[in-house]
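K.L.:
Got a structure here, written out as structure tokens. Questions coming.
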């Protein structure tokens, strides 16, 4: 049985290769898209913006729909679920 690849604790992206992880470090819990140049988690608003833009570009939804989709998805992620 294949081992499940880890997912980013911020956005849920599958992290299949070392370069998918922050700083290329497979022990880090977040992906390269959700972290800064030091490997630190970006602010919620930046992660939200990046994910909403992805939905607009990949699924062709409106910016308002993309924002709602991204907020709903991020609310379930370990990095953000306790955010008020």
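Quick note: the coordinates plus some simple rules give every number you see, no bench work behind them. Here the structure is a predicted model, which is why all the values come from computation and not from measurement. When we count neighbours, we look across all protein chains shown, and the Cβ atoms used for this are built from the backbone with ideal geometry, even at glycine.
K.L.:
Assuming R0 = 22 Å, what is the FRET efficiency of residue 23 and residue 64, from their Cβ-Cβ distance, to the nearest 0.05?
P.N.:
After rounding to 0.05, the efficiency reads 0.05.
K.L.:
Follow-up. Would you kindly calculate the translational diffusion coefficient of segment 30-75, applying Stokes-Einstein with the Kirkwood radius from alpha carbon pairs, for 25 °C and a viscosity of 0.890 mPa s, and quote it in µm² s⁻¹ without decimals?
P.N.:
Translational D for this selection: 227 µm²/s.
K.L.:
With springs only between Cα atoms under 10 Å apart, run a GNM on the chain and tell me which of 53, 38, 28 wobbles the most.
P.N.:
38
K.L.:
Right, next: For the chain, find the longest principal axis of its Cα atoms and tell me its angle to the long axis of helix 44-59, 0 to 90°, nearest 10.
P.N.:
80
K.L.:
Can you tell me the 0 to 90 degree angle between the C-alpha axis of helix 63-75 and the longest principal axis of the chain, rounded to 10?
P.N.:
40
K.L.:
When the Debye formula is applied to the Cα atoms of the chain, each taken as the same point scatterer, what base-10 log of I(q)/I(0) results at q = 0.18 Å⁻¹?
P.N.:
-0.76
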